[in-house]
Every structure is written in C-alpha cells, then in structure tokens.
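K.L.:
Can you read through this structure? Questions will come right after.
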Amino acid sequence: MGGLTSKLTDRLKGNRAYGFGVSADDVAQLEVTDDLVADILTCLDSDDFAAIQMALLFAETLLGANRLDEKQVGALLRRVQNLVGSKHARVHGPALKLLSMCRVHVPNYREMMLAALEDDDPMARRQALVVYPTYCHPKEVQPLERFEHDEHKVETSMGGPLLYDLRNLALEKIEEVLGKQFKKTEETQPYRVERSFIGGAGSHTTTGKKTGSSVCSVEQTRTLIPLAAVAAKG
C-alpha cells in the first residue's frame, strides 16, 4: 500500500495482529492523537478509493470503541455524510453503517436512510435495511414495498442456488416492525448462467487461446409474500 493509504497503514508497523492485511484489532492498539484523526479526515476527503476504505475501517474501529471526543466525532461525521453520495459506490454501505452508529449526532438521519433504500449499490440498500428499525415510524412498512421487485441476488454457495437476498431481508424487517410473522412459501425458478472458459474445445481467439462457453441451470429461490399485501395486513 502506498500514497494516501500509507498515512494510516504506516502507523501499524510492528502492531499487526495477523501476518497480512489490516484488521480492527490492529487499529484498536493505536493511540488516538490529533495527527491520527487528521490523517483519517484527509483520507476521507480524498478521491482515492483505497484511502477512503482504509479511513472508514479506522473510523469504525475508533467510533465503536468510543475513543473519539465530541469534536472529533463531529468532524468525522461531516466527511462520512458526504461519502453517501460518493462516485465510489462501494463506500456508500460502510458510510451508512458509521452514520447508524452515531445517529444521535445526525439530524437528517432518517431522510438519509430512506434515500439509501433506493441507492444503486445493493450493499448500501442492504445496510439501510439492516438498521431500518432505527429510523422507521412505528409499524411503518411502506418504504419497504419497493423491495418486492428488487433484483439483487446472491449465491448460497459457488455455483449453487441464488437468493433474492434483499427481498427476503425486507420481509424480515416488515415482520420485525409489525411484531408478527407471516406464513412463507418458496418458489424455485431456473436461472441460466453463461460461463466462459479458456482452453479445451471452443473457438480460437486472435491470441491463439481457445475460448468457449457453457450454459448451466442454477436454481433461483425467492420467498413468496408480496410486500404490498403484507403492508395492507399490517
């Protein structure tokens, strides 16, 4: 790691809990100084994706351990709120997680989280769903109706069935805020996946390597309860 990221990682030399990578355990050993906080803020203000990611790890660790004073928390949150709209979509989710940790200091917390339910990045939508009970009104489920048609899917195992992850999580949150559980059924649909490979039988590319593709069928599973119907029952 180099560049801006090294402003943070260089502080960990000799303090690594594991043989590779950077962990929260490493960050937790650091002494919190004005210089350290300034470097975190500098990285959060930058356009360097790796530096922002590293700074978010440092910030989450220190916030979670209550090691920052009120002034430092305020300066940090101002930067983190800006990241929710960053062009680097992959930092939206971690930024939302930090805001949820310090929500008492975020006046527009509810508005930001409701907007995040419609974020283009699925991990941002997931984070907004995870903390939904922290900003919804009592028995409010209407904002979750949109997830009935959310197309984000995850593999349950490599090459295994796909799940409509956010649809199912939204249903869990509806049950949680309404304080009731609904009877569920599951539907399995065929899902065609085209996989490319190098070598073996297939057509030759201009580089002389053989390429080809195979089509396999993967189960696609979803929990069937229309969210609009659930909202009406609530």
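K.L.:
For region 1-88, state which chymotrypsin sites (Phe, Trp or Tyr not before Pro) are in a DSSP loop and have at most 15 other beta carbons lying within 10 Å of their beta carbon.
P.N.:
Hits after loop and neighbour filter: Y18, F20.
K.L.:
Separation between the N66 and Q189 pseudo-spin-labels, each 7 Å from Cα along Cα→Cβ, expressed in nm?
P.N.:
Using points 7 Å along Cα→Cβ, the separation is 4.8 nm.
K.L.:
Sort M54, M101 so that the residue with the fewest other Cβ atoms within 10 Å of its own Cβ comes first and the one with the most comes last.
P.N.:
Neighbour counts put them in this order, fewest first: M101, M54.
K.L.:
A further question on this structure: Give K97/K183; K7/K97; K87/K180; K153/K184; K139/K183; K87/K153 a once-over and call out the pairs whose C-alpha atoms are over 27 Å from each other.
P.N.:
K97/K183; K87/K180
K.L.:
On to the next question. How many nm separate the modelled label positions at D10 and Q181, each set 7 Å beyond the Cα in the direction of the Cβ?
P.N.:
The two pseudo-label positions are separated by 5.5 nm.
K.L.:
If I model a spin label as a point 7 Å beyond the Cα along the Cα-Cβ vector, how far apart are those points for E118 and Q53 in nm?
P.N.:
2.9 nm
Values in this text are rule-based calculations from the coordinates and carry no lab data. Note that the coordinates shown come from a computational prediction; the quantities given were computed from them, not determined experimentally. Note: ideal-geometry Cβ built from the backbone for every residue, glycine included; neighbour counts use all protein chains shown.
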